Amino acid sequence: MKNLILLIFAALAAACCRTPQSEPPLRPSEYVSTLVGTQSDYTLSTGNTYPAVAVPWGMNFWTPQTGKMGNGWAYTYGSHTIRGLKQTHQPSPWINDYGQFSLMPVRGKDRIDENARQSWFSHQSETAKPYYYSVYLADHDVVAEMTPTERAAVLRFTFPESAESGVVIDAFDRGSQVKVLDDRTVAGYTTRNSGGVPDNFRNYFIIRFDKPIETYRIFDGGQEIKGDAVTGKHALAAVYFTTRRGERVNARVASSFISEEQAVRNLETELGTDDFETVKAKAQARWDEVLGRIEVAGGTEEQYRTFYSCLYRATLFPRKFYEIDAAGKPVHYSPYNGEVLPGYMYTDTGFWDTFRSLFPLLNLVYPSVNAEIQAGLANTYRESGFLPEWASPGHRGCMVGNNSASVVSDAILKGITPQEDIATLYEAMLVGRDKVHPQVSSTGRLGHEYYNTLGYVPYDVNIPENAARTLEYAYDDWCIAQVAKKLGNTEDAKQLEKASQNYKNLFDPETRLMRGRNADGTFQSPFSPYKWGDAFTEGNSWHYTWSVFHDPEGLATLMGGKARFAEMLDSVFVVPPIYDDSYYGARIHEITEMQVANMGNYAHGNQPAQHMIYLYNYVGQPWKAQFWTREVMDRLYSAKPDGYCGDEDNGQTSAWYVFSALGFYPVCPGSDEYVVGSPLFRKAAIHLENGKTVEIEAPENGPENRYVSGMTVDGKAAGRTFLKYGELLEGAKIRFDMQPEPEKDRGTKPGDAPYSMSREDCR
């Protein structure tokens with residue numbers, strides 16, 4: 001007994017001596033919670049996400065539906081009932097959905113409409129993974145499960161003993177069709193959308209059950225229809241089986257934006273003879289492959305869960321909008337002209353958000369995916385005459401700027417864009433400078449006439465959010481200029497670089513902030529730096545003043561030098577979270593998210609502010625960037641249902657975390673540099689598509705050691721505060737020395753700062 005006790009103590013001691021969580025013990029997909037961000041509503045966003053059951057960049061997502069038909073908040077964590085298992089293409093609640101339909105297992109032949117069929121559920125009986133979802137539907141005594149492919153899925157229902165077990169197929173209102181083809185097959189289409197589609201838009205679906213349908217009912221809304229098909233305003237079908245307790249019924253589902261025939265092809269090609277467990281295993285393997293491109297170690301369990309949950313969100317959008325034809329070639333229904341055309345197409349993203357870090361993440365870690373996206377953008381221009389700024393699935397009126405220029409330029413400059421599309425995309429960027437879409441004013445450049453003559457969009461010409469537009473157009477011009485240089489178009493480059501300095505036209509030397517300017521050259525008055533909207537977009541002057549991604553050095557000069565720049569940046573965190581919401585007439589959720597963060601007027605929950613922290617590197621105070629990046633990661637992100645501090649926005653807010661946790665961030669897409677912050681893990685590895693691996697080590701890292709005292713790249717000491725794309729591409733070995741106190745002598749020399757256009761030694 002004594003020896004046994006000694007052995008137990010020895011084992012416990014050995015276990016205690018091990019470094020906790022030094023290596024993630026689970027597969028990457030097992031760390032992901034798809035419920036992160038779902039504890040949201042229109043008043044306060046903690047992500048505004050839904051639990052997407054999908055494969056990376058898949059054409060179709062699936063989600064449990066708690067909201068009523070048409071509600072942008074399709075699933076909210078605080079809800080108690082589920083109305084259906086919905087195929088969705090929704091990028092955000094504000095943009096809403098298109099091409100949606102749902103299946104709902106029921107017990108009882110009177111459970112047809114969404115209120116009658118809804119069932120109570122509990123999160124205790126819910127499993128939410130990227131590749132799998134399961135829930136117990138208490139009112140029907142049914143366990144419902146889902147697992148996906150890119151364009152298909154298998155749903156599995158475990159029924160009780162009942163002669164009235166069934167599945168309600170809801171094709172939604174605003175025009176739809178459902179038809180029972182045989183005793184195992186239901187087909188139809190849905191047209192419900194929220195805009196951005198031609199008149200001939202349809203999402204065709206096919207559903208095959210592995211148990212014969214005994215009886216069925218067909219409805220148009222609340223009216224039952226005789227026969228086996230209905231085409232009407234709101235088509236529904238309910239199919240029924242007699243089941244024994246514990247009997248499983250599988251529904252194999254696929255859809256197509258092209259035709260019913262293509263939907264069948266998608267079903268047969270992607271599912272084949274695979275059963276539920278095989279599809280599930282393949283989906284999980286795909287997620288492990290994509291998430292495993294980045295390995296992290298030397299962190300806590302919570303940090304792993306937050307990191308991989310963010311990486312999951314960053315690899316969902318943009319979503320594929322192309323299909324594979326009978327010859328094995330990519331083909332797509334064009335949401336721009338309504339034709340079926342060859343080639344790639346992606347959709348469901350807004351570049352105002354995602355140009356900042358989502359697309360740079362694709363360029364570094366998943367370049368083959370972005371190559372397809374860029375080919376799809378060239379097709380968008382060919383089919384519509386414009387590059388998209390917000391697509392879902394076609395042009396949507398949302399946000400400001402011409403940030404397609406950043407997305408396209410960065411890919412071309414990093415050698416990712418297919419060679420055959422470069423000339424088309426360069427032409428598209430130039431065309432977009434001088435045009436605005438006739439129906440969708442956020443596509444192209446609203447106010448280009450003023451911008452191209454005065455050098456800014458005036459405050460007093462009835463163009464809202466004019467200062468934001470000016471600042472973004474100036475950066476976009478710099479991006480296009482870099483492509484012009486690469487292509488040898490020197491005259492274009494010269495003119496565009498001159499235009500990229502237009503940000504200076506809005507700088508008010510009195511307040512040292514950006515300010516709306518009237519057509520006669522006077523500044524807008526009265527002026528409050530706390531006023532949201534008006535001259536700016538979902539933010540105020542404190543947020544937008546820093547939107548000079550390509551020239552922080554030039555901005556610092558306007559402010560009176562680097563010390564004054566740093567003081568102004570400090571002020572963002574010092575001033576209280578006061579605000580002026582008079583432009584909107586009410587407090588918008590982004591304002592609330594800034595207030596509750598307890599970081600002064602810093603608003604990480606919205607995109608204009610997300611790069612601000614890293615600007616300390618440009619003015620010789622990198623330790624402040626290190627402090628604040630850790631503060632934001634530690635305080636504003638988690639793997640819980642309220643794990644974001646604002647809208648997740650199609651991977652952008654998640655990509656910020658992914659980059660920041662690795663220790664660097666792309667402040668200026670279009671340049672070849674990443675700005676150094678404070679790595680979160682003791683080890684990380686980025687497995688690049690070219691076969692090389694970026695190795696990152698910070699052996700002393702920990703909660704108390706957030707400051708960088710030294711950095712080596714491939715064994716050589718580097719006092720600079722940036723990393724270069726080229727060295728990462730070669731598989732750089734980066735080491736960070738970390739300590740608990742700021743190292744105020746490091747990164748302070750002029751050559752240590754990242755790229756700025758105004759630097760004489762600009763790289």
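FYI, it's all coordinate maths here, none of it is from the lab. Keep in mind that this is a model prediction, so the values were computed, not measured. Cβ coordinates were reconstructed from backbone atoms using ideal geometry, including for glycine residues, and neighbour counts include every protein chain displayed.
Given +1 at the Cβ of Lys and Arg, -1 at the Cβ of Asp and Glu and no other charges, the dipole of segment 322-432 around its Cα centre is 200 debye to the nearest 20. With contacts taken as Cα pairs under 8 Å and at least 6 residues apart, the chain reaches a relative contact order of 12 percent.
In this rough spin-label picture, where each label sits 7 Å from Cα along the Cβ direction, the D520-D199 distance is 4.8 nm. Between 0 and 90 degrees, the angle of helix 419-433 with respect to the longest Cα principal axis of the chain falls at about 70 degrees. Can you tell me the orientation of helix 652-662 relative to the chain, as the angle in degrees between its alpha-carbon axis and the longest Cα principal axis, to the nearest 10? Between helix and principal axis, roughly 60 degrees. Computed from the Cα positions only, the extents of segment 685-742 along the three principal axes stand at 38, 21, 16 Å, in decreasing order. With Cα atoms defining each centre, segment 365-435 and segment 125-184 are spaced 37 Å apart in the structure. Where only DSSP H runs of four or more residues are counted, the chain gives -8500 deg cm²/dmol as its mean residue ellipticity at 222 nm, each run worth -39500 (n - 2.57). Ordering A423, A391, W352 by the projection of their Cα atoms onto the charge dipole of segment 322-432, which places +1 on the Cβ of Lys and Arg and -1 on the Cβ of Asp and Glu, puts W352 at the extreme positive end. Between E289 and Q439, the simple spin-label model (points 7 angstrom out along Cα→Cβ) gives 3.8 nm. The slack between E700 and V340, meaning 0.36 nm per residue of separation minus the straight C-alpha distance, is 124.0 nm.
When +1 charges are put on Lys and Arg Cβ atoms and -1 charges on Asp and Glu Cβ atoms, the dipole computed for the chain relative to its Cα centre reaches about 840 debye.
Just the number: Rg to Rh for segment 322-432, Cα atoms, Kirkwood Rh, two decimals. Computed over Cα atoms, the ratio is 0.94.
Shown for R192, R512: other C-beta atoms within 10 Å of each C-beta, ranked fewest to most, produce the order R512, R192. The order of D182, D288, going from fewest to most other C-beta atoms within 10 Å of their C-beta, is D182, D288. Each of G58, L615, Q177 was placed along the dipole of the chain (beta-carbon charges, centred on the mean Cα), and the one lying farthest toward the positive end is G58.
With only Cα atoms counted, the chain has Rg and Dmax values of 26.8, 93 Å. Using only Cα coordinates, the Kirkwood hydrodynamic radius of segment 32-274 works out to 17.7 Å.
Cut-off under 19 Å on the C-alpha distance; same-chain residues fewer than 8 positions from K414 excluded. Which lysines are left, in chain and number order? Candidates past the 8-residue exclusion: K485, K486, K692, K724. To the nearest 0.05, how large is the calculated FRET efficiency for D745 and I578 if R₀ is 41 Å and r is the Cβ-Cβ distance? It comes to 0.65. Average projection, convex hull of the Cα set of segment 96-215: 8.5 square nanometres. Rounded to the nearest 10 degrees, the angle from helix 490-499 to the longest Cα principal axis of the chain is 90 degrees.
If r is the Cβ-Cβ distance from R564 to K692 and R0 is 35 Å, what FRET efficiency results, to the nearest 0.05?
0.25
Short-range pairs are left out: with C-alpha atoms under 8 Å and at least six residues apart, the relative contact order of segment 32-274 is 17 percent.
Once C-alpha pairs closer than 8 Å and six or more residues apart are averaged by separation and normalised to the residue number of segment 301-428, the relative contact order reads 23 percent. Simple point charges give the picture: +1 on the Cβ of Lys and Arg, -1 on the Cβ of Asp and Glu, and for segment 32-274 a dipole about the Cα centre of about 80 debye. As a proxy for reagent exposure, ranking T273, T158 by other Cβ atoms within 10 Å from fewest up yields T273, T158. Taking segment 138-173 and a reference point 7 angstrom along Cα→Cβ of D110, the backbone N atoms nearer than 17 Å belong to 139-140, 163-166.
The simple Förster model, with R0 at 45 Å and r as the Cβ-Cβ distance, assigns E491 and L44 a FRET efficiency of 0.35. Along the axis of the charge dipole computed for segment 615-695 (Cβ charges of +1 for Lys and Arg, -1 for Asp and Glu, origin at the Cα centre), the listed residues G643, W656, Q626 are led at the positive end by Q626.
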